[in-house]
1. Roughly how crowded by other chains is peptide B:43-54, in terms of the mean Cβ count from those chains within 10 Å of each of its Cβ atoms?
2. Which value in nm describes the separation of the simple spin-label points at residue A:114 and residue A:52, placed 7 Å from the Cα toward the beta carbon?
3. Per-residue mean of other chain beta-carbon atoms within 10 angstrom of the beta-carbon, peptide A:5-18?
4. Take chain A, connect every pair of alpha-carbon atoms lying under 10 Å apart with a spring to form a Gaussian network, then pick out the residue of A:15, A:32, A:46 with the largest mean-square fluctuation.
5. Based only on other Cβ atoms within 10 Å, what is the fewest-to-most ordering of B:57, B:82, A:96?
6. Which of B:80, B:74 comes first, and how do the rest follow, when ranked by fewest Cβ neighbours within 10 Å?
7. If the chain between residue B:60 and residue B:15 were fully stretched, how many nm would it gain, using 0.36 nm times the residue separation less the Cα-Cα distance?
8. Multiply the residue separation of residue A:59 and residue A:96 by 0.36 nm, subtract the distance between their alpha-carbon atoms, and state the gained length in nm to one decimal.
């Protein structure tokens, strides 16, 4: 396995379902991110984890719940979603947070989520 | 005003053409600047970082103008494979850690 992997690649769920998205990075990075990409809109940063601690939550509704059990894995738990939450959810990782230096973010292929 | 704004696309150019994209950002305290490329139905990938002194990578040249708060990307001798969406990305650490993506500029290079 190389880079950043995400499962599942596609997910269809009802508004009352509970599901989880999984991300795994094999790069030895310290920072991981969740992004949302909706049609015709820019990528929106949702959550940032550094060394397994959440460092940023960009006003994301509580129906999205992230979990970072270790530096290689990141989950996004979903419950009682709305149809407007349908989007591509991208995970990314970087060596460190790009606060004082340039850190490339490596993206996974994304999970295409459809909420019915 | 959007935090990061890009040229509206799409740009349709013939092979061999030179094309330039601009991007403006609103936060003067922004720290890092990047151009990412996203192919259709694929994830974004870093094309190049943008440094204060400007930098070049083959056919690609990136410039940063902090005074005017914009960055640019110049592509020379366009190839068909350059067709993609180009994303301007700006990071800052004011008011919390932020990575802001522009909406992207679509480029079509035609034979």
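1. Working: counts 14, 9, 4, 6, 0, 1, 4, 1, 1, 0, 0, 0.
Whole-number average of other-chain Cβ neighbours for B:43-54 is 3.
2. 3.8 nm
3. Values: counts 0, 1, 0, 0, 0, 0, 0, 0, 0, 0, 0, 0, 0, 0.
The mean count of partner-chain Cβ atoms within 10 Å per residue comes to 0.
4. So, out of A:15, A:32, A:46, the one fluctuating most is A:15.
5. Numbers: B:57 10, B:82 19, A:96 13.
Lowest count first: B:57, A:96, B:82.
6. Details: B:80 10, B:74 14.
Going from least to most buried by this count: B:80, B:74.
7. Numbers: separation 45, 0.36 × 45 = 16.20 nm, distance 1.49 nm.
Gain on extension, residue B:60 to residue B:15, equals 14.7 nm.
8. Working: separation 37, 0.36 × 37 = 13.32 nm, distance 2.24 nm.
Gain on stretching residue A:59 to residue A:96: 11.1 nm.
Bear in mind these aren't lab numbers, they're just calculated from the coordinates by the rules spelled out. All figures in this text were calculated on a predicted structure; none of them were measured in a lab. When we count neighbours, we look across all protein chains shown, and the Cβ atoms used for this are built from the backbone with ideal geometry, even at glycine.
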